[in-house]
Amino acid sequence: MKRAAVIVAAGRGDRAGGEIPKQYRTLLGRPVLRWSVEALRRAGVSEIVVVTAAEHAKLFGAATEGLGVTAVLGGATRTESVRAGLAAIGEADLIFVHDAARPGLFPAIVETLASAIEAGAQGAAPAIAVADSLRRVDGARVVADVERDGLVRVQTPQAFRAGALRDAYAAISNDQSFTDDLAVVRAHGGVCVTVPGDARLMKLTYPEDFALLERIMGGDRIVCVGNGVDAHRFGEGDHVTLCGVNIPHSKGLVGHSDADAGWHALVDAILGALGEGDIGAHFPPSDPQWKGADSERFLRHAAHLADAAGARIVHVDVTLLCERPKIGPHRERMRQRTADVLGLPLERVSVKATTTERMGFLGREEGLAAQATATLDRPA
Ligand code: MG
């Protein structure tokens, strides 16, 4: 039986957090979408169509490079999106429909589903028995107990006899709402069965799901601590910029960018934990485009590199070394700015300051220095 698949990947997935949609974020070093495509290929699925969003074209290209999949644009509803995917599939006997947000897909489940279809079902899906008690609620108030016997949680991929799936989609309209394709085929009278589901097929929904699925998939994570140091000379000016906050002062700081030593040290600390070199390698001082640059760009870049490596920034700590200006009155704003740019809760961002008791270049107020540490949790 010729096997084809539609992967639905057009969603925005806002609940999962992150700067890019969850299907393109990294899981154990690979984009989420890529895991599913590779597993389907290994399971002998010869044609794979991915339903995607126009604004994700670049992310899609990077995530599926070299895999030979077809992209089609999704519609306003899941029904429209799957319909678009089906239209792009050629001759096939067996069609799998899968959510990109379930990257733990593995070839054995594809074989089990295929066997269920070959045994006579029109549709088949992995399902897991419900372990928790079930209640119906209205807001917080419990209004009914729900018998859980006979209830299961249904996952994807779902497998269908191609004719049954195509006929069912031909019979429904785009404004009819279905939570999955088993429901579409059943609405058209198709006989559907379940096969044993698997924890690896969990759907990535919330930010913490990424680390959980990585553990389930057997990926080890390690903690890496990076450190960074920076210094800038005082010169002409009426303010300094430290950790993104402008502080009035009788001098300014001399530097190619905005000379924010606090964030420069922090960028180097994050790069250090990632083994990604230093700030000068990413933003060469010789490059005129960084002249006067806002260091927020550098910090966002470091955070993006961490995200791309599947790493999470757990905690950062910046120490500013200077006699003046006084840091104390501005400290909380610096923490808040840093937390905002890195997307961290405030309690995981520390900014503090010390003097050098008037010793050395800092004591003579020739310049100002900063050091930082960044703790990252990342795939081993
Ligand atoms: Mg610097």
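Here are the numbers:
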quantity: Relative contact order %, region 221-379, counting alpha carbon pairs below 8 Å whose residues are six or more apart; calculated: 34
quantity: Convex hull volume of region 53-162 per residue (C-alpha atoms, cubic angstrom); calculated: 174
quantity: Nearby lysines by direct alpha-carbon distance to Lys203 (threshold 21 angstrom, same-chain neighbours under 8 apart not counted); calculated: Lys22
quantity: Heavy atoms of Tyr206 accessible to a 1.4 Å probe, total area in Å² rounded to 10; calculated: 110
quantity: Reduced Cα scattering model of region 295-340, Debye log10 I(q)/I(0), q = 0.23 Å⁻¹; calculated: -0.94
quantity: Of Ser115, Ser257, Ser286, the one that fluctuates the most in a GNM where the chain has Cα springs shorter than 10 Å; calculated: Ser286
quantity: Charge dipole magnitude, Cβ of K and R +1, D and E -1 - region 3-216, Cα centre, debye nearest 20; calculated: 300
quantity: Computed E for Ala308/Glu147 - FRET, C-beta separation, R0 41 angstrom, nearest 0.05; calculated: 0.35
quantity: Relative contact order for the chain, counting Cα pairs under 8 Å that sit 6 or more residues apart, in percent; calculated: 16
quantity: Virtual spin-label span in nm between Thr77 and Arg215, 7 Å along Cα→Cβ; calculated: 3.9
quantity: Sparsely packed GluC sites (Glu not before Pro) within region 272-380, loop by DSSP, other Cβ within 10 Å at most 13; calculated: Glu357, Glu366
quantity: Net charge dipole size for the chain [Lys, Arg +1 and Asp, Glu -1 on Cβ; Debye, nearest 20]; calculated: 300
quantity: Largest to smallest accessible area among Met334, Met217 [probe 1.4 Å]; calculated: Met217, Met334
quantity: Efficiency of FRET between Ile222 and Ser46 - r from beta-carbon atoms, R0 35 angstrom, step 0.05; calculated: 0.40
quantity: Positive-end residue, the chain charge dipole about Cα centroid, Cβ charges, pick of Ser173, Ile48, Ala92; calculated: Ser173
quantity: Cα-based reach from Lys251 at 13 Å (exclusive), listing aspartates and glutamates while leaving out same-chain residues under 8 positions away; calculated: Glu236, Asp238, Glu323, Glu365, Glu366
quantity: Surface per residue (accessible, 1.4 Å probe) for the chain, Å²; calculated: 47
quantity: Region 1-109: GluC sites (Glu not before Pro) in DSSP coil with no more than 13 other Cβ atoms inside 10 Å; calculated: Glu19, Glu65, Glu91
quantity: For region 221-379: rounded, prolate or oblate by the Cα gyration tensor [a/c cutoff 1.5]; calculated: prolate
quantity: Förster-model FRET efficiency, 51 Å R0, Ala281 and Ala187, C-beta, rounded to 0.05; calculated: 0.35
quantity: Nearest-20 debye value, region 238-327 charge dipole, Cβ charges on Lys, Arg, Asp, Glu; calculated: 160
quantity: Solvent exposure ordering (accessible area, 1.4 Å, most first) of Trp290, Trp35; calculated: Trp35, Trp290
quantity: Dipole-positive endmost among His264, Ile313, Ala370 within region 221-379 (Cβ charges, Cα centre); calculated: Ile313
quantity: Reference-scaled alpha-carbon Rg (2.2 N^0.38 Å with N residues) for region 3-216; calculated: 1.01
quantity: Of all accessible heavy-atom area on region 226-326, the percent that carbon and sulfur account for (1.4 Å); calculated: 51
quantity: Calculated [θ] (222 nm, deg cm²/dmol) that DSSP helices of n ≥ 4 give over the chain, each run adding -39,500 (n - 2.57); calculated: -8500 deg cm²/dmol
quantity: Listed residue (His249, Leu344, Phe361) projecting farthest to the positive dipole end of region 221-379, Cβ model; calculated: Leu344
quantity: Trypsin sites (Lys or Arg not before Pro) restricted to DSSP loop in region 30-128 with at most 15 other C-beta within 10 Å; calculated: none
quantity: Solvent-accessible ranking of Met359, Met202, largest area first, probe 1.4 Å; calculated: Met359, Met202
quantity: Cα-derived Rg to Rh of the chain, Kirkwood definition; calculated: 1.12
quantity: Region 154-208 shape via C-alpha gyration tensor axes, a/c threshold 1.5; calculated: oblate
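The values are calculated or read from the model by the stated rules, or taken from the named source; none is laboratory data. Model, not experiment: these values are computed from the prediction. Here the Cβ is made from the backbone with ideal geometry for all residues, glycine too, and neighbour counts use every protein chain on show. With ligands, DNA and RNA removed, areas are computed over all heavy atoms of the protein, side chains included. Shrake-Rupley method; radii C 1.70, N 1.55, O 1.52, S 1.80 Å.
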